[in-house]
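What follows is calculated from the coordinates using simple rules that are stated; it is not laboratory data. Because the structure is a prediction, the values reported are computed rather than measured. No Cβ is skipped: glycine too gets one built from the backbone with ideal geometry, and neighbour counts run over all protein chains shown.
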Amino acid sequence: MSEKNVASESSAKNVVLRTSDEQEFVVEERIAVQWGTIKRIFEDTFTGKPIPLPNVDGKTLAKVIEYCKKRAETEPSSAEGEKREKELKRWDLEMFLDEPDDVIFNLALAANYLDIKDLLDAACEKIADTIKDFTVEDCRAFFGIESDFTPREEEEIRAEHRWAHDLSRN
């Protein structure tokens, strides 16, 4: 991408972002200030130096920038707004988020950290679609969660909340 490793191109119209793996990206200020986290930095403490993003790696930030540029270039007019929003939602789910689960998780985490609501919503929707028919055990495996219940406690919970564990009620 052209944004990578070009810190010397920084100007009043651009902002340099430094990722956790020390990659630098130059992003147009008009796009970066749409992210809640960057906007707050601009309002409070911006010095013109690269802004560190310790919770986002370079690969993920490149995808975030791609997403935000697509959104910025297709701002809907009032007459075409609904049609464009449907097209963007389709692009989000069918093209942009057609990625392995770990990439989607990283995008969700980055969107949450950077305060990019549309991207966070899209990534969470993709994750929800993925796990919607999972059993409790499948969800634990998917998210890497170990059960802290004893087998007896788990059996009691399942008996008490049988309706929540019955996937055959569709």
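Worth a mention:
- Ranked by the mean number of other Cβ atoms within 10 Å of their residues, highest first, the peptides 22-28, 100-106 fall in the order 22-28, 100-106.
- Förster radius 41 Å - calculated FRET efficiency between GLU160 and ASN55 (Cβ-Cβ, nearest 0.05): 0.60
- Relative compactness, segment 7-132, computed as alpha-carbon Rg over 2.2 N^0.38 Å: 1.09
- Charge tally around ASP118: other residues with Cβ under 9 Å, Lys/Arg +1 each, Asp/Glu -1 each, net 0.
- A simple spin-label model places pseudo-atoms 7 Å from Cα toward Cβ; at PHE143 and ASP121 they are separated by 2.2 nm.
- Cα pair count fraction exceeding 24 Å, expressed as % - segment 67-160: 39 percent
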